[in-house]
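Input: a single structure, listed below in structure tokens.
The values are calculated or read from the model by the stated rules, or taken from the named source; none is laboratory data. Note that the structure is predicted; figures quoted are calculated from it, not measured. Methodologically, a virtual Cβ is constructed for each residue, glycine included, from the backbone with ideal geometry; neighbour enumeration extends over all protein chains shown.
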């Protein structure tokens, strides 16, 4: 407890005559300075406006305001800042929701700032502001919804490629940043102009770039502050995080100078960026160098991660301990099953009651589709129910299917029902929603690519695993730089490596991107703008279209059956 006016406090104690003795302590150190020490016994600070500025602690999780914050001001904003900031994993200064990888159960509770106030009028203004910015401030009722796994499917011997438990790239291997001819990056710092063009076919956007592709001359690199660039890259490494990347000061200049057999970067920029003629222009050069080094470090690290993943992966049988089947497990003590956590706004009393009744109605929940708490029932999915997004009033963890994901499952379901006694009569089909953020099966984890679905096509002892990713593609990279789109090129070699490592030749791997963006819209913007449907299909990019001669689901199965049966 911090007391500002100690003399007045002493007088009050003496006048109270409660037998309290006042003594000076000249030996003990500052209690306040010890709040960040491991094992400290201090859990609560009380002290007027003392704690608004001039100190920092990662431990703040609750604030109580008494007659403080009656109006907006810099001090109250500073006070909130004491609690909003946190250290984060790997000193990233980010909450776990923004980071890839597996996180401890319920860590979100520790990362939540709770503010309680009495006569703090500004709190209502702050709430309104946060709500306008899309930040949820209202409390939720949380309801567990347990999934029901199809145990007969788990006896089919379905497998997935995964790094074995206990092995961690970040812990197991240090990666030294160096010039690598197989790593090439492209950085665009040119001025860009966007124009809209109206034609009978509609309005189209045209992007124009003023810069040209060039290399920074060696003499211009003498203007670079290499120490500053090195420190910036170290800070970037911590922020990403690239924990096991070792960066040596001399290596960063070698990366920029490397030219044989190939230059390691391409810079699209205006002439003053690479040929500075003033002090102000050297700042642009410094920015260009930093951007190149950051992107190079990302690509270099990803490449090493890919190599490590490929060298470690084995086929693991899918069972109820699989992360995609054990999410939120143990959240409720009475049940060890995995579950969704359905969150409904407390103010929506009627909706809370409806959702609670539905969760209690087992027959409807696991076998039917209803309007309240929307879900899609596909009996080839490894568990039920498969929830769908439901507006702002209801949230869920893990998130429900978005529109493109729901459409894919519906299309797959329709195709299966139509073809299961015809073209698919000799195969078994299984589907599993693949989660993200380190829970699901990820490729090249630091880029966060987790395909949305895993599809198994099984015939006798053979199984073909297909990773499927339905999403809009308007903002996708050009194919040469599209890691998601090019995954299918790497999977055959990966399957061969894992097969040799595990002694299995009965498993093959493949992947498809399913574009929710229509062909006519995407073809004008993707890559060089000349691709037709067949070229997209050759690149394993299909369109969410089942009209006429084009049926994207049929295309997936046609390719798989040919390869499986051959």
Residue within the stretch 402-419 that is part of a strand (DSSP E or B) and at pLDDT 90 or above present: no
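Residue-by-condition table, conditions (1) out of contact with any strand residue (DSSP E or B) (no Cβ under 8 Å at 6 or more places or on another chain); (2) within 21 Å of residue 516 (Cβ to Cβ); (3) surrounded by 19 or more Cβ atoms within 10 Å (Cβ to Cβ):
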{"site": "366", "(1), (2), (3)": "no, no, no"}
{"site": "372", "(1), (2), (3)": "yes, no, no"}
{"site": "376", "(1), (2), (3)": "no, yes, yes"}
{"site": "387", "(1), (2), (3)": "no, yes, yes"}
{"site": "390", "(1), (2), (3)": "no, yes, yes"}
{"site": "405", "(1), (2), (3)": "no, yes, yes"}
Elements of type helices (runs of 4 or more DSSP H) in the stretch 441-559, at least 3 residues being in the same structural domain as residue 154 (by TED's automatic domain parsing) and out of contact with any strand residue (DSSP E or B) (no Cβ under 7 Å at 6 or more places or on another chain): 487-502, 533-538
Qualifying residue in the stretch 328-336 (condition: under 22 Å from residue 161 (Cβ atoms) and assigned by TED's automatic domain parsing to the domain that holds residue 507): no
So residue 62, is it over 27 Å from residue 238 (Cβ atoms), at pLDDT 80 or above, touching a strand residue (DSSP E or B) at 6+ places or on another chain (Cβ under 8 Å) and surrounded by 10 or more Cβ atoms within 10 Å (Cβ to Cβ): yes
All positions within the stretch 540-553 that are at pLDDT 90 or above and either under 13 Å from residue 519 (Cβ atoms) or loosely packed, with under 15 Cβ neighbours inside 10 Å (or both): 541, 542, 543, 544, 545, 546, 550, 552
Filter result for residue 285 (under 23 Å from residue 180 (Cβ atoms) and in a helix (DSSP H, G or I)): no
Matching residues, the stretch 137-153, being outside any strand (DSSP E or B) and either surrounded by 18 or more Cβ atoms within 10 Å (Cβ to Cβ) or at pLDDT below 95 (or both): 137, 138, 139, 147, 153
Residues that are surrounded by fewer than 15 Cβ atoms within 10 Å (Cβ to Cβ) and at pLDDT 90 or above, drawn from the stretch 473-491: 489
Condition check for residue 38: at pLDDT 75 or above, loosely packed, with under 12 Cβ neighbours inside 10 Å and under 23 Å from residue 239 (Cβ atoms): no
Strands (runs of 3 or more DSSP E) contained in the stretch 162-279 and holding at least 3 residues loosely packed, with under 14 Cβ neighbours inside 10 Å and modelled with pLDDT under 90: 192-199, 202-209
Among the residues listed as 296, 315, 340, the single one being part of a helix (DSSP H, G or I) and modelled with pLDDT of 90 or more: 296
One residue from 308, 226 being touching a helix residue (DSSP H, G or I) at 6+ places or on another chain (Cβ under 8 Å), within 30 Å of residue 165 (Cβ to Cβ) and assigned by TED's automatic domain parsing to the domain that holds residue 179: 308
For residue 14: the one exception among (1) modelled with pLDDT of 75 or more; (2) in a loop (DSSP other than H, G, I, E, B): (2)
Where a residue in the stretch 350-373 is touching a residue at least 40 places away in the same chain (Cβ under 8 Å) and its partner, wherever it lies, is surrounded by 15 or more Cβ atoms within 10 Å (Cβ to Cβ) and part of a loop (DSSP other than H, G, I, E, B), with Cβ under 7 Å and at least six apart: 355/373; 365/385; 366/385
Breaking point among (1) touching a residue at least 24 places away in the same chain (Cβ under 8 Å); (2) more than 22 Å from residue 452 (Cβ to Cβ), for residue 405: (2)
